[in-house]
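Okay, structure first, notes after.
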Amino acid sequence: MAVLDAEANLTTVTLDERDERLPVLLDLLKGYDNDWVERRQDRFTDEELEAARLLIVSYDVNAEVYGGPRQGTTYDMSEACKRCGAGARQTSAMILDVEYLHRLEGRRAAMTFKDDLLVDEKLAGALAESGATGLSFRGVFAAFDRRGHIQLPWRQVCATHTLPPMSPRSTGVYPYKPCPCGRSSFTGKEEVPTRLAYRAADVADIRDVNVSWEWGGEVRFDGDVSDALFPCPWFLVTPKVWRIFQDAGVTGFDWNPIRVVDAS
Ligand SMILES: [Zn+2]
């Protein structure tokens, strides 16, 4: 399947690794001047997702919105790492950059580029009524230069529970600029599928909505929160939450089961 995203000037081709067109395409790309990346990801059936202990939530990077410290969202840094900001605790509504608001149009759920989960009011209501555990809601605002902050008919879904550190048997997760706190900066390798592993004891006390102890992604932090680019944790939910999103017709998300391992 080829998807031309005019805005991102990007074409995505998704093929099964057993597809006989794949080696032909890779050969063609090797003689091609423009940049390209090969990314390997697992795909799961609905039955496999339904049977998972937890699902890692990820979102289409071409539909992400921008929000966070640089847009005016505030954070309590008292328990955060002074070097990378891991552990920053959000204390205000989520403030979004107005330039990307059009990406929310026609959608019922989205994520910021730092994996903050946003849902429309109706989906927030469905989540609240479902009795799902481990979540709280915050308001979502757009920051306009002159008119100030305007509230949007969206809610941020916040996790109240942090999982224990994951098992070292996780793959596709590497510290690329290790911070002394040990909590960031993890990233993936495009050619290795991300497979998070947790010990059985680590997932004995989960909620329906959780975040990982580890924080991944780009970091830029010199002590000034308003100019910071914080890392962010992985967002993990039970199949119950996935089902609510499915029933609401939400698209653009990938759901990736964790692996539960016996030891280490
Ligand atoms: Zn740190």
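The values are calculated or read from the model by the stated rules, or taken from the named source; none is laboratory data. Everything quoted here is computed from the prediction, not taken from an experiment. No Cβ is skipped: glycine too gets one built from the backbone with ideal geometry, and neighbour counts run over all protein chains shown.
A Cβ distance below 9 Å, combined with a sequence gap of six or more or placement on separate chains, defines the contacts here; from region 247-264, residues that are more than 27 Å from Val119 (Cβ to Cβ) reach no residue that is among the β-branched types (Val, Ile, Thr) and in a strand (DSSP E or B).
Specify the residue that is modelled with the lowest pLDDT; the eligible residues are those in region 176-208 that are of a type in the set (Lys, Arg) and surrounded by 14 or more Cβ atoms within 10 Å (Cβ to Cβ). The extreme case among them is Lys189.
Matching residues to (1) away from the ligand (no atom under 16 Å from the Cβ); (2) closer than 23 Å to Asp227 by Cβ; (3) outside the structural domain of Ser184 (by TED's automatic domain parsing); (4) under 20 Å from the mean Cα position of the chain (by Cα):
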| position | (1), (2), (3), (4) |
| --- | --- |
| Gly68 | yes, yes, no, yes |
| Tyr75 | no, yes, no, yes |
| Cys81 | no, yes, no, no |
| Gly85 | no, yes, no, yes |
| Arg108 | yes, no, no, yes |
| Thr112 | yes, yes, no, yes |
| Asp116 | yes, yes, no, yes |
| Glu129 | yes, no, no, no |
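For region 194-214, the criterion of being within 16 Å of the ligand (Cβ to nearest atom), of a type in the set (Gly, Ala, Ser) and touching a residue at least 40 places away in the same chain (Cβ under 8 Å) is satisfied by at least one residue. Among the residues of region 221-242, those identified as part of a helix (DSSP H, G or I) and either loosely packed, with under 15 Cβ neighbours inside 10 Å or not assigned by TED's automatic domain parsing to the domain that holds Ser184 (or both) are Ser226, Asp227.
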